[in-house]
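One structure is given here, and the rest of the page talks about it.
No value in this document is a laboratory result; all are computed from the given coordinates. The model shown is predicted, which means the values in this text are computed figures rather than measured ones. For neighbour counting, all protein chains shown are included, and Cβ atoms are generated from backbone atoms with ideal geometry for every residue, glycine included.
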């Protein structure tokens, strides 16, 4: 795998990238209140007195949010801290009613872990380990809306107090491709675990992208942080743009400022938001309203036992069933696809053939019709039935394509379609021989050319036979009988 480099006027530059991913925890209530968390509600309809920071209100931790953070830490092989504590991060903003955010700076609930990513899905040797420094729990702020009034900004506090995990990576990524692979893999793990739905468009997962440049192997440069980037593609674009911007700035005699930036997706550029604060600027101190979080062994055992089979383990299992590495990677990238495919195997489909069929036929049809695997009109059970009809010779591969199209349109089972429409393939050698004899007689000139050495014509004879029999002839027998008659 070739190292990614920025080629400047003074030579090559290396890019150093770290991500801080904010993932909204799946829970029915907020981190410290009983208010609802559903997306899309009318503004300010999911706000408790705690979220609005009314005087005298005390936060009470939501045990489900703690559990989900611990399960996430376990899924990335991280250290789980049995003792953790909440801190106040003090800053003043219109959408932060308390004037501070409850977070975990000094004692996070999850310590160091790592994720192995496949930078190139088609290259098994492109695995890279990306370190995770910590995962801590914090509450989200509200949202300012600037487009509702000509002269004023409105505040929506529905998100205020929603539980977030902040997943902080090590600065181990060196290219847009590695960054994209890491974010996709992390999103997949969160969705397998069920701790975050990973919906970046709705803001339930977003990334702060830290980028710096240096001469290869040199000291780390000054980094910038681009906030709240909400798609994998945009994160990769931020890395590309920000790295080039910094190289051009340094080579022209300037200095990179430690600052917070925003990404403009329409123009593909970042722009400065404010100078970057350090931890001391926020005057962190332990939250006096909250006791430390202490986890016992029974709780940790229950969390571990609740974890599903994770993407890497599932991929290895699929490969052990004879499925190719690339197909196994594709089939485990999204949790819904992996579950659908497991149901297909449970229904008796042969693994390698099933994997090839899903990756080509099913994915092709879903893309063509704008559907997802979740609203596929063909169920795993019906797909297994179709594949079994091919395996036992009832229908040919070409007939299976026809049957599949009908299944997509009608939702009917494969066996019923084959029976109703008379689509069974024939292995009757007498019928096949009669058709072949007629085709060979009608194409005596091509028979002579074939016998004279033009062997490519064999495909012509096969095609004519299959066409004459409406695609219902057994291809194996057609090939066998044609070879016998032409020899």
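Counting neighbouring beta carbons within 10 Å and listing from fewest to most, the residues 154, 4 come out as 154, 4.
Under the criterion of Cα pairs below 8 Å and six or more residues apart, the relative contact order for the chain equals 14 percent. Taking the average, over residues, of other Cβ atoms within 10 Å as the packing measure, peptides 66-75, 301-310 rank 66-75, 301-310 from highest down.
Per-residue ellipticity at 222 nm, computed for the chain from helices alone with -39500 (n - 2.57) per DSSP H run of at least four residues, works out to -11500 deg cm²/dmol.
In what order do 31, 96, 295 fall by count of nearby beta-carbon atoms within 10 Å, going from fewest to most? Lowest to highest Cβ neighbour count: 295, 96, 31. Is the C-alpha gyration tensor of the stretch 263-341 telling us rounded, prolate or oblate? Criteria: a/c under 1.5 is rounded; beyond that, a/b larger than b/c is prolate, otherwise oblate. It is oblate, given that a/c is not under 1.5 and a/b is not larger than b/c. Once you reduce the stretch 340-399 and the stretch 404-454 to the center of their Cα atoms, the two points are 23 Å from each other. For the stretch 29-71, backbone nitrogen atoms closer than 20 Å to the point 7 Å from residue 107 Cα along Cα-to-C-beta are found at 32, 59-71.
Is the stretch 429-486 rounded, prolate or oblate when judged by the Cα gyration tensor, a ≥ b ≥ c being the square roots of its eigenvalues, rounded requiring a/c under 1.5 and prolate requiring a/b larger than b/c? Taking the square roots of the gyration eigenvalues as a ≥ b ≥ c, the stretch 429-486 is prolate.
Principal-axis analysis of the Cα atoms of the chain puts helix 232-251 at an angle of about 60° to the longest axis.
Averaged over residues, the count of other Cβ atoms within 10 Å places the peptides 436-445, 183-192 in the sequence 183-192, 436-445, highest first.
Given R0 = 45 Å, the distance between the Cβ atoms of residue 58 and residue 170 translates into a calculated FRET efficiency of 0.80. How far is helix 475-486 tilted off the main Cα axis of the chain, in degrees rounded to 10, range 0 to 90? Compared with the principal axis, the helix lies near 40 degrees. Whole angstrom only: what separates the Cα centroid of the stretch 1-55 from the Cα centroid of the stretch 205-219? Distance between centres, Cα-based: 19 Å. Taking Cα atoms only, the orientation of helix 458-468 departs from the longest principal axis of the chain by about 90 degrees. Across the chain the C-alpha pair distances fall into 20 Å bins from zero in the proportions 19, 41, 25, 12, 2 percent. Kindly identify the stretch 82-141 as rounded, prolate or oblate by the Cα gyration tensor criterion: order the square roots of the eigenvalues as a ≥ b ≥ c, call it rounded if a/c is under 1.5, otherwise compare a/b with b/c, prolate if a/b is larger, else oblate. Judged from the Cα gyration tensor, the stretch 82-141 comes out oblate (a/c at least 1.5, b/c at or above a/b).
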